[in-house]
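Okay, so here's the structure we're looking at.
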């Protein structure tokens, strides 16, 4: 069973994403800020990460860049899941190392399809 780490400061978002992912047959870990998320990613080595952007402290773009540059976590695909819907935000996320970008609230079938495709590549 693939393990997915959700990094998001909103308990409501984590709950909703966890329900979707567990319904799709995934094991789910979560972190309520980027710093904790980075530590969990290095320790747990999830198969994929769902990353929020707007968080206190380190934002999701910074965390994505750190994960993508760290040899221990560089192979973990990241999907940015955020309320930021501008094309420039999507491009910036991909330049930081994200593999895909989804605007909140995610459509369950679309998100699960993107996850499945990335896990196949991984």
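Readers should treat all values here as calculations from the given coordinates under stated rules, not as data from a laboratory. Nothing here was measured: the structure is a model prediction, and the numbers come from that model. Don't worry about glycine lacking a Cβ; one is built from the backbone with ideal geometry, like all the others, and counts go over all protein chains shown.
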Note the per residue figure in Å³ for the convex hull of the C-alpha positions in the chain. 89 Å³
Considering only C-alpha atoms, what is the centroid distance from segment 45-66 to segment 10-27, in Å? 17 Å
Starting from the 7 Å offset along Cα-to-Cβ, what nm value, one decimal, do you get for the label separation of residue 39 and residue 3? 1.6 nm
Quick one: what does P(r) look like for segment 73-113 with 10 Å bins over all Cα pairs, in whole %? 30, 53, 17
Can you put 81, 28 in order of Cβ neighbours within 10 angstrom, beginning with the fewest? 28, 81
Alpha carbon convex hull of segment 1-70, projected area averaged over orientations, nm²: 4.2 nm²
Mind telling me which of 22, 13, 87 comes out most flexible in a GNM of the chain, alpha-carbon contacts under 10 Å? 87
For the chain, what does the relative contact order come out to in percent, with C-alpha contacts under 8 Å and a separation of six or more? 23 percent
